[in-house]
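The values are calculated or read from the model by the stated rules, or taken from the named source; none is laboratory data. This structure is a prediction, so every number in the text was calculated from the model and none was measured. As a convention, Cβ positions derive from the backbone with ideal geometry for all residues, glycine included, and neighbour counts pool all protein chains shown.
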C-alpha cells in the first residue's frame, strides 16, 4: 500500500464533523436559549441572538458536515440575516398568529442589534467547528506535518 503524500492531504475531502457531537451541542443551545429567552433587557436579547446564530450554525453543520467551517458559518449568518430582515414584513407575525412556537424560529420584530449578535454567534461557532475539525483530523493523522 503506497504511503500518503502531502498532496493526498490537500486533495482529500475534509474530515466530516461528528454529527452526534454537533447534534448534542444543538440540543444544549436550545436549552440555553429557552433559559435566556425568559430574561429581560438588552443582555438577554443579544444573548438570545448569539445563541440563535450558534444554533443555526450547528444545524447547517448537521446538514452538511463536510463543508468547511467558514462556509457553514457564512451560510448560517445569511440565514439569520434573512430571517431578521423578514421581520420587516408582516409574514412572521402572521405565522405566529397561526402557531405560537414559530415565534422562536422567525421572531416578529426587527431589531438591528440582533444582526451584530448573529455575527458574533456565527463567528464563535465557526471558530469552534474549525478547531474541532482540526483536532479530529490531527487525531486521525490527516494533517500535514509542521515544519
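Among the residues of the range 32-46 satisfying the criterion of being more than 15 Å from residue 105 (Cβ to Cβ) and in contact (Cβ under 8 Å) with a residue 12 or more places away in the chain, which is surrounded by the fewest Cβ atoms within 10 Å (Cβ to Cβ)?
At the first step, the residues of the range 32-46 found to be more than 15 Å from residue 105 (Cβ to Cβ) are 32, 35-36, 38-46.
Filter once more, keeping what is in contact (Cβ under 8 Å) with a residue 12 or more places away in the chain: 32, 36, 42, 45-46.
On the way: 32: 16, 36: 18, 42: 9, 45: 17, 46: 19.
Ranking the candidates gives 42 first.
Only one of 43, 61, 78 is farther than 13 Å from residue 124 by Cα and more than 18 Å from the chain's Cα centre (by Cα); which?
Numbers: 61 fails: more than 18 Å from the chain's Cα centre (by Cα); 78 fails: more than 18 Å from the chain's Cα centre (by Cα).
Going through 43, 61, 78 in turn, the sole match is 43.
What number of residues within the range 84-110 are within 16 Å of residue 52 (Cβ to Cβ) and either modelled with pLDDT of 95 or more or assigned to a helix (DSSP H, G or I) (or both)? Let's see the steps before the verdict.
Step one: list which residues in the range 84-110 are within 16 Å of residue 52 (Cβ to Cβ), which gives 84-87, 92, 96, 101-110.
Next, from what is left, pick out any that are either modelled with pLDDT of 95 or more or assigned to a helix (DSSP H, G or I) (or both): 84-87, 92, 96, 102-106, 110.
Here the count works out to 12.
Among the listed residues 122, 128, 137, 61, which satisfies the condition of being without any contact (Cβ under 8 Å) to a residue 12 or more places away in the chain, within 23 Å of residue 17 (Cβ to Cβ) and surrounded by 15 or more Cβ atoms within 10 Å (Cβ to Cβ)?
On the way: 122 fails: without any contact (Cβ under 8 Å) to a residue 12 or more places away in the chain; 137 fails: without any contact (Cβ under 8 Å) to a residue 12 or more places away in the chain; 61 fails: without any contact (Cβ under 8 Å) to a residue 12 or more places away in the chain.
Answer to the selection: 128.
I need every pair where a residue in the range 66-77 that is farther than 14 Å from residue 54 by Cα has its Cβ under 7 Å from the Cβ of a residue that is not in a helix (DSSP H, G or I), sequence separation at least 6 or different chains.
What qualifies is 66/13; 66/14; 66/16; 68/14.
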